[in-house]
Structure formats: structure tokens, C-alpha cells
Amino acid sequence: MSDSTTSTDAALRTPIVAVLGHVDHGKTSVLDKVRGSAVIEGEAGAITQHIGATAVPLDVISEIAGELVDPTDFDLPGLLFIDTPGHHSFATLRSRGGALADIAILVVDVNDGFQPQTEEAIEILKRSETPFIVAANKIDTVPGWNPTEDAPVQATYESQSDRVRGDLDEKLYEIIGQLSDRGFSADLYWRVQNFQNNVGVVPVSAMTGEGIPDLLTVMMGLSQRYMKEAMEIDVAGPGVGTVLEVKEEKGFGTTLDVVLYDGTVKEDDTIVVGGADSTIVTDVRALLKPRPLSEIRTESRFEDVDELKAAAGIKIAAPELDDAMSGAPMRVVRDREIDDVVSEVEAELADIAVDTEEQG
Ligand code: GDP
């Protein structure tokens, strides 16, 4: 296994994962289950809470996934899940040349199939060319389902009666058909050879944890095989990110919650941020991480850090952020001309505006 602590300038960053889907199909539950499993399986503190995101490291994934994952097959450090589910934020949270997330999980309720927000999510994924897998959720609701908590789905699928398996198959093939109607060739994930051309469907239950090991394994495998090059970054370089939220924070004024997908951001760095009326140039006053729960006393929920490397979720406190927009780009200037960086940010903003119009 690679040593993720060696610090050369070139590094493989963690792929950023977004969870999308129709309301009530189980986005929050799937995320909670992933986080919950990680807490149980991993050593204490093995998953790290970021601002707006949760990092699940490879060793925790391989513990959850058991025999499904051989950690020596991977050198990406794990997966960073964006905490705010929902495609509305996702639609605006896009950066030039791609999307905020590197990869997505589209959650579909097996009983409901495609619904309006599923359609919208599919459109966004298509337009942003974001690779995704489908989590066909709530398999435990098939009448007569015999659950095996947290089991890999193939084993639990085989252990159902013929009738139950038949009922589930019918629901799964409905979803596969709906994907194919929208131009995505799809199949149950264990039948998919090439995830670049086919969408893998993973039957899961966020309630019983069945299929969650598979979901993590497929995400990890997909990232490793098809995204490794895109994950090679110059970690020491000037940070690049996307604003998730603009928030008032007691003691700090207006702050930005940012997902950093490239480089490093440091205290005192000059940053350029997209604003509603004009581009903002300001200096980082504080970089804030969530304080571990065990350490929260009466003081701040946040912990000050000197610098942070991609991929990460971070809160940035700086003057003059009132006009900043969620979904806008954030770039660190470092040893470049401010004007050049301003132009880059303006170009990205123009792209976002065009996309929003197209969406109509
Ligand atoms: P979201 O709106 O997509 O984030 O959906 P939630 O995660 O809030 O889930 C909506 C409802 O479905 C909640 O009542 C969940 O408890 C329930 N739910 C989610 N996943 C499952 C599942 O796998 N099985 C069952 N039986 N219920 C589920």
C-alpha cells in the first residue's frame, strides 16, 4: 500500500462524491449509513468530519467492504462525501470543465423508480459528464425480505426465496430500463465489465446496511480505474475550490464553506471569490475545521488551522465576503498576478451562468 504520509508535491487526492436523488428516496439515510458503518468498523476518529463533507479513508472502506476490497489494489486515499445531499445545490455547485463532485451516487427508491428529481439529477450528471452509479435503495421493503445486516448484497440476494428475488428483480429491471430510456446502458453492478460505458446498479438498504459494502467498493473501484489521473494534483500549489455555502458565523462575520479540490489554502493567502455583483479579492483571516465532538467545550465549534490540502471541506473567514455566492469558484492567488486569477474566476462564473441558462 502506498504511504499517504510521504509528502512530495505531487499527490493523489481523495475523490469527491455527491449523493443525489429524489426527495425521500434515501440520500440522507445512505450517507448516514456510510458514516455509521465507518464509525463502527473503523478505529475511533478514522473518519474525519470536514466542513460540509465527511472523509472515509481507504482502510475504513476496506474494513466495511470485507472480502470485497483488497486495499493493495488501491492507492487513492479514500472517498470524500459531500454532506448536503440534493441536486439543487449540486446544480449550482459546478466549476469549469466539470462538476463539483468527481463521482456521484444516484439514489433511487426501488418501489418508486424514476421521479422528477431523479430526472433532474440525471440531466445534471449527463451535462456535467459526472460518472455515477445507482443505489437502488430500500430493498428491505420487498415483502418477505429476509435481512442480513450490513451484508454484501449478492450474498443476501442469493439467500432470499425465489419469490422475493423475483419481486426484487422486477423492480431492479424497471430501473435499468428507465436508465436505458435516458441513454444509459445499465446493469446490476456485478454484471458490468466496463463502468466507463455502463452504469452499475447496486441494490442497497440504508436501513439494514445490505449492499453498503458493495456501494463503497464500486465507488472506490470506479475512482481508481477511471479517475486516477484526474486525482493527481500538485498539493503544494495554490488552492482551488467551490463555495458550498455563504454563512454568518458568530465571532467571524460572513464565512465561506468551501470544498477544496486542488492545491493548498493557507492562512493569510489572498483569495479570489465569485460574487453576486463583482469578483471579491480578500485575504484569509482564519481557516476553520470542525472541532472533534469530544473536544467541544463551551468555546467555538471550530478549530483554527494554518493550512489545508485538497481534497477537503473548509470554512474560510475573511473580510468582505457578504457578496459571495454559493456555487462560485474560489482561487488562491499565491505568487501569481491578482488580475490573472480574477480573470480565471470571471471565466468560470461566465460558464456557470451559461449552464444555468441552458437549464432554463
Ligand atoms: P432523502 O430525502 O433522500 O434524504 O431521504 P431520507 O434519507 O430522509 O429517507 C426518507 C425516508 O425513507 C425516511 O423515513 C427513511 O427512514 C426511509 N428510508 C431510507 N432508506 C431506507 C431503506 O433502505 N429502507 C427503508 N425501509 N426505509 C428507508
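The values are calculated or read from the model by the stated rules, or taken from the named source; none is laboratory data. Just so you know, these numbers come straight off a predicted model, no measurement behind them. Cβ sites come from the backbone with ideal geometry, for glycine too, and all protein chains shown count toward neighbours. These area figures cover heavy atoms from the full protein model, side chains too; ligands, DNA and RNA do not enter into them. Shrake-Rupley method; radii C 1.70, N 1.55, O 1.52, S 1.80 Å.
From the list Val258, Val246, which residue is part of a strand (DSSP E or B), farther than 30 Å from Asp9 by Cβ and in contact with a Leu (Cβ under 9 Å, 6 or more places away or on another chain)? I'd like the intermediate steps shown before the answer.
Numbers: Val258 fails: farther than 30 Å from Asp9 by Cβ.
Of the residues listed, the single one that is part of a strand (DSSP E or B), farther than 30 Å from Asp9 by Cβ and in contact with a Leu (Cβ under 9 Å, 6 or more places away or on another chain) is Val246.
In the stretch 185-231, of all residues being more than 15 Å from Ala135 (Cα to Cα) and not in a helix (DSSP H, G or I), the one that is nearest to the ligand (Cβ to nearest atom) corresponds to Ser185. Selection over the stretch 215-226 of residues that are out of contact with any helix residue (DSSP H, G or I) (no Cβ under 9 Å at 6 or more places or on another chain) and open to solvent by less than 20 Å² (accessible area, probe 1.4 Å) gives a count of 1.
When Ala236 is tested against (1) more than 30 Å from Asp140 (Cβ to Cβ); (2) surrounded by 24 or more Cβ atoms within 10 Å (Cβ to Cβ); (3) of a type in the set (A, V, I, L, M), exactly one condition is not met: (2). How many residues are within 14 Å of the ligand (Cβ to nearest atom), in contact with a Gly (Cβ under 7 Å, 6 or more places away or on another chain) and open to solvent by less than 10 Å² (accessible area, probe 1.4 Å) if we restrict to the stretch 140-177? Of the residues in the stretch 140-177, 1 are within 14 Å of the ligand (Cβ to nearest atom), in contact with a Gly (Cβ under 7 Å, 6 or more places away or on another chain) and open to solvent by less than 10 Å² (accessible area, probe 1.4 Å). Taken together, the residues in the stretch 183-202 that are open to solvent by 60 Å² or more (accessible area, probe 1.4 Å) and closer than 21 Å to Pro116 by Cβ amount to 1.
Just one of the listed residues (Ala312, Ala276, Ala324, Ala328) is farther than 23 Å from Ala347 by Cβ and either in contact with a strand residue (DSSP E or B) (Cβ under 9 Å, 6 or more places away or on another chain) or of a type in the set (Gly, Ala, Ser) (or both), namely Ala312.
Conditions tested, residue by residue: (1) surrounded by 20 or more Cβ atoms within 10 Å (Cβ to Cβ); (2) within 22 Å of Val202 (Cβ to Cβ); (3) modelled with pLDDT of 85 or more.
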position: Thr5; (1), (2), (3): no, no, no
position: Thr8; (1), (2), (3): no, no, no
position: Leu31; (1), (2), (3): yes, yes, yes
position: Gly42; (1), (2), (3): no, yes, no
position: Ile82; (1), (2), (3): yes, yes, yes
position: His88; (1), (2), (3): no, no, no
position: Gly98; (1), (2), (3): no, no, no
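Quick one: is Gly36 at pLDDT below 85, assigned to a loop (DSSP other than H, G, I, E, B) and surrounded by fewer than 24 Cβ atoms within 10 Å (Cβ to Cβ)? When the stated conditions are applied, Gly36 does not pass them.
Is there a residue in the stretch 265-275 that is at positive phi, open to solvent by 50 Å² or more (accessible area, probe 1.4 Å) and assigned to a loop (DSSP other than H, G, I, E, B)? Break it down into steps so the answer makes sense when it comes.
If we filter the stretch 265-275 for residues that are at positive phi, which is where we start, we get 268.
Those left that are additionally open to solvent by 50 Å² or more (accessible area, probe 1.4 Å): 268.
Within this subset, residues satisfying the condition of being assigned to a loop (DSSP other than H, G, I, E, B) are 268.
Looking for residues that are at positive phi, open to solvent by 50 Å² or more (accessible area, probe 1.4 Å) and assigned to a loop (DSSP other than H, G, I, E, B), one finds at least one in the stretch 265-275, hence yes.
Among the residues of the stretch 133-156, those that are without any contact (Cβ under 8 Å) to a residue 40 or more places away in the chain and small (Gly, Ala, Ser) comprise Gly144, Ala155. Can you tell me which residues in the stretch 232-243 are in a strand (DSSP E or B) and within 19 Å of Ile51 (Cβ to Cβ)? If the condition is that a residue be in a strand (DSSP E or B) and within 19 Å of Ile51 (Cβ to Cβ), then Val240, Gly241, Thr242, Val243 are the ones that fit.
Checking Asp140, Asp150 one by one, the residue that is modelled with pLDDT of 90 or more and part of a loop (DSSP other than H, G, I, E, B) is Asp150 and no other. Among the residues of the stretch 100-114, just one is open to solvent by 10 Å² or more (accessible area, probe 1.4 Å) and at pLDDT below 95, namely Asp102.
Would it be correct to say that Ala135 is crowded, with 18+ Cβ neighbours inside 10 Å, more than 16 Å from the ligand (Cβ to nearest atom) and closer than 19 Å to Val108 by Cα?
no
Looking only at residues that are within 14 Å of the ligand (Cβ to nearest atom) and touching a residue at least 40 places away in the same chain (Cβ under 8 Å) in the stretch 115-132, which one is surrounded by the most Cβ atoms within 10 Å (Cβ to Cβ)?
The first filter runs over the stretch 115-132 and keeps only residues within 14 Å of the ligand (Cβ to nearest atom), leaving 115-118, 120-121.
With the extra rule that they be touching a residue at least 40 places away in the same chain (Cβ under 8 Å), the set shrinks to 115-118, 121.
Values: Gln115: 16, Pro116: 9, Gln117: 18, Thr118: 25, Ala121: 28.
If we take residues in the stretch 115-132 being within 14 Å of the ligand (Cβ to nearest atom) and touching a residue at least 40 places away in the same chain (Cβ under 8 Å), then Ala121 is surrounded by the most Cβ atoms within 10 Å (Cβ to Cβ).
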